[in-house]
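The block underneath contains the structure these notes are about, expressed in structure tokens.
The values are calculated or read from the model by the stated rules, or taken from the named source; none is laboratory data. Since the structure is predicted, the reported quantities are computational estimates derived from the model, not experimental observations. Don't worry about glycine lacking a Cβ; one is built from the backbone with ideal geometry, like all the others, and counts go over all protein chains shown.
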Amino acid sequence: MKNYLEHCKNQKRLDGKTLKAYRIDLNQFQAAVPLSDISDITPEILEDFIAGLHRIYKPRTVKRKIASLRALFHYCEYKEIIIQNPFYKIQVKFREPVVLPKTIPLHTVESFLSQIPCTRQDPLPEEKYPPRYRRSRTPLCHRHADFGTVLTEKGGCEFIR
């Protein structure tokens, strides 16, 4: 394992934080699977280890730990330390839950509101409104008046004041 981390540092030129994460992940694997020889590791042992990771960690963390192990076994196969990579015999694809953002950025809200048609079919052009009323270029419809203070002019569309 030490040779692999040196390879990652010198040949692959991985960042220090990536090396630290690899070291932590590989040490955790070594502690959980106490085998004397890396060639003794079977797909069944890896599947059990990955199932244990799923019980403890979030999917994104598990994915990173699997990537660390997969890279280690690929290196061992490349250097002919092992004959066959045990990851070839298992499928480790799984769905990550979709996490919605806690807040919606202002430009996204403005883009969304600009897609909603006004209640009037032919709103007056923006140039008809006096400049003191033009604080926003995004017209809001009458039904969206609760988004802030609005001023209604003759055209039927409203602008944020």
Answer residue from region 51-80, given it is of a type in the set (A, V, I, L, M, F, W, C) and surrounded by fewer than 16 Cβ atoms within 10 Å (Cβ to Cβ) and is nearest to residue 6 (Cα to Cα) among those: 67
Which numbered condition residue 48 misses (of (1) loosely packed, with under 15 Cβ neighbours inside 10 Å; (2) part of a loop (DSSP other than H, G, I, E, B)): (2)
Filter result for residue 48 (over 16 Å from residue 86 (Cβ atoms), acidic (Asp, Glu) and modelled with pLDDT of 90 or more): no
Members of region 21-78 that are among the hydroxyl-bearing types (Ser, Thr, Tyr) and more than 21 Å from the chain's Cα centre (by Cα): 36, 39, 42, 75, 78
